[in-house]
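Taking it in order: structure first as structure tokens, then the write-up.
None of the figures in this text is laboratory data; all of them are computed from the coordinates on show. Predicted model, so just to flag it, every value in this text is computed and none were measured. Reconstructed Cβ throughout: ideal geometry from the backbone, glycine too, with neighbour counts over all protein chains shown.
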Amino acid sequence: MKASDLLVKCLENEGVEYIFGVPGEETLDFMESLRTSKIKYIVTRHEQVAAFMADAYGRLTGKAGVCMATLGPGATNLLTGVADAYLDASPVVAITGQADLKRIHKESHQYIDIVDMCESVTKWNGRIESPEVIPEMVRKAFKLAESEKPGPTHLELPENVAAMTTYEMYAAMIPPIRARRSSPDRQSLRKAADLIESAEFPVILAGHGVVRKGANSQLQKFAELFCVPVVTTFMGKGAVSAKSPSCIGSLGLSNDRQIEDVFSRADLIIALGYGLVEYGPKNWNPKISKRIIHIDFTPSEVDLHYVPEVEIVSDIRESLELLEGMLSTNKKSQCSIDLHGNFRDEFERIGSEKTWPIRPPQVLYGIRKVLGDSDILVSDVGTCKFWAAKFYPVYDNNTFILSNGFASMGFSLPTAMVAKMVHPDRKVVALTGDGGFLMNLQDLETAVRMKLNMAIVLFNDNSYNLIKWKAMKKFGTSHGVDFTNPDFIKLAESFGAVGLRLKKAGDFEPMLKEALTKDVPVIIDVPIDYSDNDLIYKLL
Ligand SMILES: Cc1ncc(C[n+]2csc(CCOP(=O)(O)OP(=O)(O)O)c2C)c(N)n1
Ligand SMILES: [Mg+2]
């Protein structure tokens, strides 16, 4: 069997539905093998988008998303999305072409060492040097990508290896069996239960791990039963529904009000599926005074501000289930504190104002009203992300998607496209700044070609506002942050998409509703007033 056919067969064996990518001369054999496969090849207009799409597929399904690029510039373009999957713990298998093995020892056209380049952004990474190893290497790439903590792996297929043939006996498929995780250690559970019982004011810090593994219902039940307030990281939003009295907001900015109001009172932090990359512990434990219980699939990172007294390294859902049976104390004193009521009132009050130019909370309030509980909001990186993360109430698991480990601009359009592919029955909104949107704008063509409907709510302020805002705070002035924009209506139309411009605040909701009825992407150009930015710090 030909090596490239064997690679495709192995990908089919892993249940791969899509490969996102941009082809090149060195991937011709692989592309030809894919032509007759049931795997759908989604050709993108930039490799970064292909990697972001694989990343989004991984986040939304738990199965590795697959992206592909050619050697040299294709691979370097792919890297940003792969790095995003690495720091945001998303399962991805990246495949790149490479030059013929007979020319990689010397200076030669488009050759750089891609395996070396990918080393720091992958869990595992290797070059396929002969066809016989393909079944093992593919299985290993998927197994490692999908196991906790998930992340990207990379396979490189040199041009001459792709064209080689191998004996059928080497083409046997390895079944993709998922290993069960071991049960939590009973001694650690007992210790954790004792710590919770004796704590005055325990607080749960729920991170992306809860969302990733769908431990949300178990967490909500636990938190409500024992009246433990839950603060989530930005990527942990949805770990408890914002409708639950236990949900008191999200944490991700220094000087957040939660730190003052809740974390300063807390004597015990129960960290659940929390990754330090999401929000450093120095921010919420500056005096190293908190007792900490770490519950996650993997042991904790070593950090002076995060030294757990007990670590339960196991399945989060099962750990909570078992802890529930061990706890007797019902912290009724905390039940009477309505920590969330304040937020709900603020949300209603600020969100329903109709000033012009419109401000971010009013837009988010409108989005929340138009979207159902399980519809999806994707946020790009910039001031829009902080507003959404602090202000937008999330009701269901994995319905608020953002990049907050790597925090890469340009993330929202590719992610929203995949959200619509994976959940065609749900409404999808991408919230983005004008800076982030133009970083991957070219793939509006891919979205139009695929007839993917989503509303792209674009905060138009002619600047990299987040950086401008921070510069103003630090120096009282800013430099190198302003730019001009194209006419987004004409731009959308030239792609075959739809462009709408908001002209008064009261039009936002009907405009968004209309946008979500099309069969192509719709850009809503929103002239935004960022003068309320300091409010982000104060909102619960
Ligand atoms: C790829 C990338 N480049 C640079 C940055 C640094 N950065 C973070 S936010 C930001 C500004 C974002 O501008 P825009 O998308 O217009 O959003 P706004 O802050 O104006 O709402 C920049 C440059 C980044 N996070 N990612
Ligand atoms: Mg901007």
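Observations
- Computed Kirkwood radius, in angstrom, where 1/r is averaged over Cα pairs of the range 75-224: 18.8
- log₁₀ of I(q)/I(0) at q = 0.13, 0.17, 0.30 Å⁻¹ - the range 1-50, Debye sum with one point per alpha carbon: -0.29, -0.49, -1.23
- Centre separation in Å (Cα based) which lies between the range 193-223 and the range 1-63: 38
- Relative to its Kirkwood radius, the Cα radius of gyration of the range 228-277 gives an Rg/Rh of 0.92.
- As a calculated quantity, the FRET efficiency between A179 and K490 at R0 = 35 Å, using C-beta atoms, amounts to about 0.10.
- Based on the convex hull around the alpha carbon atoms, the range 194-252 presents an average projected area of 3.9 nm².
- The value for the range 23-64 of Rg(Cα) / (2.2 N^0.38 Å) is 1.30.
- If only the Cβ of Lys and Arg carry +1 and only the Cβ of Asp and Glu carry -1, the dipole of the chain around its Cα centre is close to 1000 debye.
- Largest to smallest principal axis extent of the C-alpha atoms in the range 54-135, angstrom: 41, 28, 18
- q = 0.15, 0.18 Å⁻¹: log10 I(q)/I(0) that the Debye formula gives for the range 466-540, counting C-alpha atoms only: -0.74, -0.90
- Among E353, E159, E311, sorting on how many other beta-carbon atoms sit within 10 Å of each Cβ, with the fewest leading, yields E353, E311, E159.
- Kirkwood-type radius of the range 395-540, with distances r between different C-alpha atoms, in Å: 16.3
- For the range 423-500 and the range 76-136, distance of Cα centres in Å: 31
- Rg(Cα)/(2.2 N^0.38 Å) for the range 406-478, N = residue count: 1.31
- Translational D in µm²/s for the range 305-452 (Stokes-Einstein at 25 °C, 0.890 mPa s, Kirkwood Rh from C-alpha pairs): 135
- Cα convex hull volume per residue for the range 362-418 (Å³): 86
- Cleavage-rule hits (chymotrypsin sites (Phe, Trp or Tyr not before Pro)) in the range 160-228: DSSP loop, at most 11 neighbouring Cβ within 10 angstrom: Y167
- Spatial separation of Cα centroids for the range 139-179 and the range 277-315, in angstrom: 34
- Reachable aspartates and glutamates from K140, criterion Cα separation under 17 angstrom, eight or more residues apart if same chain: E12, E14, E119, E129, E132, E148, E156
- Amide H contacts under 5 Å for Y395, placed H, 5+ residues apart: A242
- Think of the chain as having a plus end and a minus end, set by charges on the Cβ of Lys, Arg, Asp and Glu; of H479, N397, S4, N397 sits farthest toward the positive end of this dipole.
- Value of Rg to Rh for the range 1-151 (Rh from inverse mean 1/r over Cα pairs, i.e. Kirkwood): 0.93
- Pairs exceeding a 29 Å alpha-carbon distance, out of K2/K213; K474/K504; K63/K427: K2/K213; K474/K504.
- Calculated P(r) of the chain - Cα pairs past 38 Å, %: 31
- Segments 68-78, 98-108 sorted - mean Cβ within 10 Å per residue, highest first: 68-78, 98-108
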